Each structure stands twice: as structure tokens, then as C-alpha cells.
1. For segment B:221-430, what size does the Cα cloud have along each of its three principal axes, sorted from largest down, in whole Å?
2. Taking the convex hull of the alpha carbon atoms in chain B, what volume per residue do you get, in Å³?
3. By the scheme Lys and Arg +1, Asp and Glu -1, what is the net charge of all other residues having a beta-carbon under 14 Å from that of A:Leu359?
4. Give the separation of the Cα centroids, segment A:215-249 to segment B:382-430, in Å.
5. Starting from 0.36 nm per residue, how many nanometres of slack lie between B:Leu58 and B:Tyr326 once their C-alpha separation is accounted for?
6. Choose one answer from B:Gly171, B:Gly384, B:Gly60: the residue with the largest mean-square fluctuation in a GNM of chain B with alpha-carbon springs under 10 Å.
7. Between the alpha-carbon centers of segment B:35-71 and segment B:97-162, tell me the distance in whole angstrom.
8. Need one number: nm distance between label points at A:Thr221 and A:Leu319, each 7 Å from Cα along Cα→Cβ, rounded to one decimal.
Amino acid sequence: MTTLSDPPRESFRLSMLLNDTRYRSYTFQFIALLCVIALFSFLGYNLVKNLQAAGLNISYKFLGETSNYDINQTLIDYSSQSTHWRAAVVGVLNTLLVAFLACVTATIIGVVAGVLRLSKNWLISKLMAVYVEAFRNVPVLIWIIIIFTVMTAVLPQPRDFRGENATASMWFDAVAFTNRGVYIPKPVLESGGMAVVIVFLLSIVGVFAYRRYATKLLYATGKMLPTGWPTLAILFVPALLTYFVLGKPISLEMPVLAGFNFKGGINILGSLIALWFALAIYTGAFIAENVRAGIQAVSRGQTEAAASLGLRPGRIMNLVILPQALRVIIPPLISNYLNITKNSSLAIAVGYMDITGTLGGITLNQTGRAIEAILLLMAFYLAISLAISFIMNIYNSKMKLKER
Amino acid sequence: MSDTHQHSIRFVRESMLPQQEPPATERGVIKWMRENMFSSIPNGILTLIALYAVYAILSGLLPWLLNGIWDAPSIRACREILDGQTGGCFAVLTERWNQLLFGFKYPTHLYWRPTVAFILLFIAIAPVLFYNTFPRQMLIFTALYPFVAYWLIWGGSILVPIFALVGFGVGYIVYSKYVAQSFAMGFFGGIAGALVTWWLTGMIPVEGVLAMEAVPSRDMGGFMLNLILGTVCVSLSIPFGIALALGRQSDMPFIKWICVVFIEFIRGVPLITLLFVASVVLAYFLPPGTNFDLILRVIIMITMFASAYIAEVIRGGLAALPKGQYEAADSLGLDYAQSMRLIILPQALKISIPGIVNVAVGLFKDTTLVSVISMFDLVGMIRGPILASTEWNGVYWELLGFASFLFFITCYGISQYSQWLERQLNTDHR
């Protein structure tokens, strides 16, 4: 009888660290670790040396000091007596505002352009192709500057609106386009106005509840409830009723020309509009391509199969094509949202006070705390993008094709 | 025809009638328009709206373009010539042409140098872009081009680029000598060889030996700066991107972890913050007294930025390869370096080409951001010295239109090339 046994275990030799694949990876990792440590200690040593020479230190105390500068657009209370921290928060909110507006607008533009590009209408699809190519291939910074120039150099000054023979006039006496920004009416809530808003919010919830109920009923009994007009009714009727019952508690404050400028209403800054629309049309071109690719990715057989089941074209789109196309469209769509958020830092080129303009701009210049300010700035953007990619990972794993 | 009907039918045609033309609505332009533009009422309405939009845009644009003034010393002179008519004032382009291309500080009598470098660029990249058409020997010139271009644009002693080249040469010789034993040995040996050569040659005084007039980095500007940043950063970031992508796929946890942190960090922050780092923070992290010029710092930062994105593209390519390819390479007995070099990377890079080109186009567009940290690239020149001058204050559309036009041709050209290349590389037999 023969017995098979393992070959005698080799004793460990030093040369095995280089030649034996079992140990070589440890050697490499150890070398890499040493390199990283060396690099960081080199940088850290230089940093300490340089800070000492300049008589500086790393400290975040400057965030608690008075900022001494004004911000032209603030969503929360802020004055030049507030702290630098408050200024940074104002900046964060401004970033989020422009990013949100641009994301919504870009999605609308992108979806419309992407669908129209697949249109059978030759002229329309060619026009959309021109739009996509023209906007994708020119830097977004140039688009921002172009729209900003329109807002500041082309639009009339407020004083052009006054007098008998004014060269400019307001739209419906409500909206004024001036080179100091666009003035729109501002809704004013009087007593009871809040109730209308709450009723409206509740009716939005109601719409979702109704749609859920309709779907459930459809799956359970096959009975189909109409969704079009009940949605509109649930959305508007209760809010309008409350509005009139409570005696019109919401009114509009119109912008009025007073002195050299408009008073009242909401002033949307030219820089905000420039950033908003430039980001929206630029990213819209990318989204249009994603949408087109997504729709084309659904094979023709799907459409034909759905048609042979007897579905009508509208239902084929809603029930068969879109759910499959969305799986392809949404991941790049979300990374486009991320790009919008990151590109909104270009605000600094047109003087819109986002986080890069407040914390990375004026605060940095006033306090000279470059390292701290830029670290905070990076941390903010990093947090946003990590949060968004976290959401995207969840979505991807949820939407992953369950193949057997 | 049978005989039975002969008496009942009076006339039987014996020859075929000539074919009639299809009805007017079913042929030529009208048919095409009916099918492609007016197939239904909503479609017709859309077409009419689109036609109106095209008319509105063209009727605004064409007089402005065709009626433009190309020769005037200032915007006031321009307006006098136009005398109230619509027309662009393109004289700013002709008058400030050199500033737009080279920036306002580059010595006027040296403009021929970047121009020659620009023309040579095409000769250098031609064998790379169209590898089937041009002889392979031209790749030697491509390898020499960076050194030639550096010498042409920056000037100074010719010994500097030659020593740099010698360093690379020594590194390559060491590499090819040791690569047969092990890739790692050849690779690190080559790097060590190059570094030693540079250190040795660095001690030789080069001042004024065969020197052209030197131009400092801060004098670079205009579209030239965009091109320099774009080409240098893209070409540098591809090897770094490959290394990062391989590192991210690696089995070694520590190396994988470094690469993941680097890639995710860079991709998470906007380029502008990295440029701020280059302009205000980076100096704190370098040994006291090092004088590092701004262009070099910006190139380092943009290269880091681009390599993180390229790494993600290449990782996609690596992940798209079927697992069988990796296993096949292993079963042939190839080690890691060989299997990557010979089997995996050629296929993965081919898949990633469209993505890499997208990153390159995006990066080239992003080079305009350097105007934010007060470098005078094309956009910086327009917003700074040109629009601020008394002669041309207010000539927005001509300048911005010109800038968009330059970027459009370049980026559109690159993306068309990549589509062509994709068709060329499509070797699967379908």
C-alpha cells in the first residue's frame, strides 16, 4: 500500500519574499505602505516647516469670527455681522438651490430633446442633433459667460422702464427683465394662507394614495379607474376651495419701479439665472444622449411583443419600453446630477455666491486660511457626491436584472 | 385568352401600357416631405414651429455674420462703419488674433515657435491616430515630439530636453535588459536608471549652450495654453489611469485601498477646488524655497483629475472582459505582468476607447477653468485684457462666438474621430 503525502514543507527563506507568489504580494504591499508613509511624512514635514516660517497654524477658529462682507443672495438670515460659518452655510444653500433648479430644468430639456431626436420628423430630429452637438462640444464655462453677458449687457437698465416713452416694459406688469436681475411677483401669505398651502400639500399626498389604490384595484379585480382628470381634481379643487372660503388669503406682491430700481417682488439675480440655464442646457444635451441611448437599448422585439399582446401604443411606452429604458437611463442621469452639482462651483466666474464664492472665495481671501477653507470645501463636495453615489448603488442593486 | 371569349370581347390590348408616373404626392421632394415632415397634424405643427425657429435664428445670425466688419481699429470705428446697420465687429479677431492664440505676454518675434510646434503636433500624432495609413517609423518622431515641442515653446538650452531624453533612453535600455527576468525588476530598474541619469546630468551646467531665447511659463496664454494643458494632461493621464485601474482590480488589499481612496476622492470634488489647491495650497506642501511654476502645478492637478476618470473608464473595460480571458491567460502560464500586457489590456483598452475619448474631450473643455485662477487662457484673455481694453470694451458676441467655435471644432473633431476608430476596431464578425 502506498500512501500519498504532502511534499515536505519548505522552510521559509528570505528570497521567497521576492520569488514566491505566496509571499510576494506582502512584499509589494509593504513597499507601497512605506512609500505612502514616506510621501505623507514628507508633505507633513514641509507643511509644518512652511507654517512655522509663515507664523501660521491650522485652526478653524476663523469660522466663528465676524465675516464683514455682504452676500447678494441669502436664503437664511445673514448680515455682514454674521460669522464666517454662517456665510459658508449661506453658500451651501445657494449651491444646493442652483443645483436643484438646474437638475430639474436639465432633466426636462434632456428628456424632451432625447425623445424628439428619435422623432420620425426629419427636421426636428436634425435640429435636436444640432442642439446636442453644439452644446456638448463647447465648455460650460463659455455658456455661463454667454448667458451672464445676456443678463447683464443686453437686458435694459431699470431706468429704461420709467417715463412716458420708456424703452422697456414689464411683462403683464408683473415680470421685469433688467440687467440687475429678473423681478417676479412674490406670493404673500396672510392669515390663513398657511392653511391653503397645507391643503395643497395634503392633496399631493392624496394623489399618490389615489393612484396606489387604482393600481391595487387593477391588479386585484382588473377594473381600471381613470387617473387623468381625478388627479387634476384632487390636486386643485380642495386647495382652490380653501382659498376662496378663507377669503383669498394669498396675494401677490408685484415688483414696482421706485427711484432707480425695482422694489418688492422677488429679485432673481442675473448670475443665478446664468448659472442655472447654462448648466441646464449644457447638461441637458448630455441627458438627451442618455435618454436616446436608453430608448434605443430596448430591443424592437419588446415593442413588437407588446403590440402582439394587443397593447395600445401609449401603454406599450408606459408599461414595456419606459421601465426597461429607465434602467439604462437612470445611472448616467444621476451622475449627470452629480456633474451639475460639481460644475455649479463655476459660480465663482460670474460672482454667484455659492460655497466656492463664500468659503473658497471671500472668506479665504479675508482670513488667509487657505488650507482650512479648501479642505472644508472639498469635504462638502465629497460628502454630496458620496451621498449621491450611495443612493445610486442602492438603486442599481434594486434594479439589477434578476437572472436565473 | 381562350377562344370562347373571342366573340364577346371587342378589343384586346396586345402591348403593355407605358408605366405612368406616380401621383405628384407620391414622388420626389413632396413624398419625402409628406413622410418625413408632415406625416400627421401634430408633426406638421412641429415642423412649422421648427421652421420658424430656424428662420428666426438664421435671420438674426446671417446679417450679423455676413455684414461683419473685419478691419477696424476699435469698436467705435466699427460702429461708425456699420452706421446703424446690423453686423458683427469681427475686427477684434483680426486685430487681437495673436493675443487670442498666444496670450498677451509671449514675445511677438517668437510666435513662429509655438506655431511650428503646433504643426509638428499633427505630424506626431498622425501615426498614432491613423496607425494603418502611416509608416511605423514615424512613431520615432512621435516619441521625440514632446522634447522638441518643449524646446520650441519654452526655449532655453537644447541640452535640457536632450538630457531628459537620455534619461528615458537609459531607463528603456535597463528595462529591456531586465524585463526577461521579471517585469517588476525591469520596470523599477528602468525608473532607477532614468532617475540616476537625470541626477547626474542635472549637475552639468547648461546655461546658454545652444540656447534659444527662453520664455517663462507665466507668459504662456491664449488658446495655446488650452492646447498645451489639454495634450500634456491627457497623454500623461492615460498611463496613470491604467496603473490606477489595475491597482483597483488588484488582489492586494492595501494597494486596492489606496487606489479606491484616490479615485473616489478626486472624482468627488470639482476641478476648481483642485485648481485652488494648485494655486494657493500646494506651495505649503513643498520644501521651503522651492519655486514651482503655476503651469506645472496646474498640469499636475489636472493630470491627477483626469487619471482618476480614465481609471474608472478602463476599469469598466477590464470588467467587461469575459472571465475566460483571465483564466486563459493564467492557463497559458503567463505571469501577471505578461497576461496584462499581452492578453487583458489590449482588449480592455480597445473597449475603453470611446470612454477615454469622452474624458479627453471633457478635460480639454475643462482647461478653460484655469481662467478662474487668473491664468490667461483663451477665456481668460477674452474676459481679461481684451474686453477690459478701451478699444474693444463691449464686443462680447464676436469674441465669445469665436471661442465657442474654436472649442467646437476641436471637440467635435475628436469625437468624430473616436466614432470612426470604433468602427475600425470593431473586429467581431457580425
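Where a number appears in this text, it was derived from the coordinates with a stated rule and is not lab data. From a predicted model like this one, the values you see are computed outputs, not experimental measurements. Cβ sites come from the backbone with ideal geometry, for glycine too, and all protein chains shown count toward neighbours.
1. That gives 73, 51, 24 Å along the principal axes, largest extent first.
2. On the way: hull volume 132.5 nm³, N = 430.
Expressed per residue, the convex hull around the Cα atoms of chain B is 308 Å³.
3. Working: positive: A:Arg86, A:Arg369; negative: A:Glu65, A:Asp354, A:Glu372.
Here the count lands on -1.
4. 50
5. Numbers: separation 268, 0.36 × 268 = 96.48 nm, distance 5.61 nm.
Once the chain is fully extended between B:Leu58 and B:Tyr326, it gains 90.9 nm.
6. Of B:Gly171, B:Gly384, B:Gly60, the most mobile in the Gaussian network model is B:Gly60.
7. Here the answer is 42 Å between Cα centres.
8. Result for the modelled spin labels: 1.9 nm.
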